[in-house]
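To start, the structure itself, in structure tokens.
The values are calculated or read from the model by the stated rules, or taken from the named source; none is laboratory data. Everything quoted here is computed from the prediction, not taken from an experiment. Virtual Cβ from ideal backbone geometry, glycine too; neighbours counted across all protein chains shown.
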Amino acid sequence: MKTKTINILKKAMEGGYAVGAFNTSNMEVTQGIVRAAAKLSRPCVVQASISSLDYDGDKMLKYIVLEAIESDSQNAEIGFHLDHGKALNDITRAIDAGVDSVMIDASRLDFKENVTLTREIVEYAHSKDVAVQAELGKVPYLGREEMGEVNWDELMTNPEEAELLVKETGIDALAVGIGNAHGFFRERFEPDWERLDKIKNLIPNTPLIMHGASDWDKDKVLKAIKGGICCFNIDTDLRIAFSTALCGVINKDRCDYNDPRKIMTVVRDAVQKKVEEKIKMFAMM
Ligand code: G3H
Ligand code: 13P
Ligand code: ZN
């Protein structure tokens, strides 16, 4: 498969390190991500959700991301991936928008339905030479979706099912749940490291992805890499870097900043700095 993202993930898996998959929603965030990777000469993945395609327009985001990679990446290898696609229509849209890898998140369906939908997506995406990440177990959006009382045992990935999903669908990568959650909200008191070991042992050749990694510190990241994680998804931390920098430049003491280019330079630099921190942590630099 010619796709960049899957090569980046496989190299990381084989090399015993990890990379970041960073969410973008606009030009400045994209440039911040790409420039961070270029500065450190490290691989990474730029990813966009369907909400970001809706926000920018599919073609606009395509040109932003592909052009940022083309003009700014220097020696860094950078993939373009669809984050949390939910249906075939999301996948076809994203492939038309230039991604080389897609995620089908059928984790809210029951296992059989997850297998059926994921298999259909793999068939389509592979025919376009595009890689597929699936999700098994639920990585909740605590604070964004109504979960009620969290029962982690019900949410986390079942290792035997993970093995079956890989066999039955031919996916290229798998997002796992071991107590991780999107955003900065109530994760499990300690990730279920034993579960991660079991998953890795059963599907040693499938790159494993950790969603909801914004609030993961160095210690947890290292343990996760040792347990077989080769990619951490980061969105919330970039949103915070973006909005904190923006608030800093447009507050009343800095009203001389009325030029969008000056404002967005500060914001873009703040995103770049945050991505550099994450890339170094994942690469154990
Ligand atoms: O995990 C999901 C990402 O944070 C994307 O969120 O749909 O608001 O772009 P979004
Ligand atoms: P965070 O919101 O914790 O950064 O997770 C991002 C993510 O998993 C995107 O798929
Ligand atoms: Zn996610």
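Some points to look at:
- Among the conditions (1) within 16 Å of ligand 2 (Cβ to nearest atom); (2) surrounded by fewer than 15 Cβ atoms within 10 Å (Cβ to Cβ); (3) farther than 23 Å from Lys167 by Cβ, Arg108 misses just one, which is (3).
- The condition (being assigned to a helix (DSSP H, G or I) and either acidic (Asp, Glu) or within 19 Å of the chain's Cα centre (by Cα) (or both)) is satisfied by just one residue among Val122, Val102, Val139, Val166: Val122.
- Residue in segment 234-256 that is surrounded by 15 or more Cβ atoms within 10 Å (Cβ to Cβ) and not in a helix (DSSP H, G or I) present: yes
- Being within 16 Å of ligand 1 (Cβ to nearest atom), modelled with pLDDT of 95 or more and more than 17 Å from the chain's Cα centre (by Cα) holds for only one residue in Phe232, Phe242, and it is Phe242.
- Condition met for Leu53 (within 17 Å of the chain's Cα centre (by Cα), within 16 Å of ligand 2 (Cβ to nearest atom) and part of a strand (DSSP E or B)): no
- Subset of segment 201-221 that is in a helix (DSSP H, G or I) and either more than 19 Å from the chain's Cα centre (by Cα) or loosely packed, with under 15 Cβ neighbours inside 10 Å (or both) - its residue that is farthest from ligand 1 (Cβ to nearest atom): Asn201
- Subset tally (residues that are part of a strand (DSSP E or B) and away from ligand 3 (no atom under 15 Å from the Cβ)) for segment 33-50: 1
- Test: residue in segment 23-32 that is more than 16 Å from ligand 1 (Cβ to nearest atom) and not in a helix (DSSP H, G or I): no
- Sole residue being in a loop (DSSP other than H, G, I, E, B), of a type outside the set (Asp, Glu) and either surrounded by fewer than 16 Cβ atoms within 10 Å (Cβ to Cβ) or out of contact with any helix residue (DSSP H, G or I) (no Cβ under 7 Å at 6 or more places or on another chain) (or both), chosen from Asn75, Asn89: Asn75
- Residues of segment 1-19 that turn out to be outside any loop (DSSP other than H, G, I, E, B) and over 24 Å from Lys59 (Cα atoms), as a count: 10
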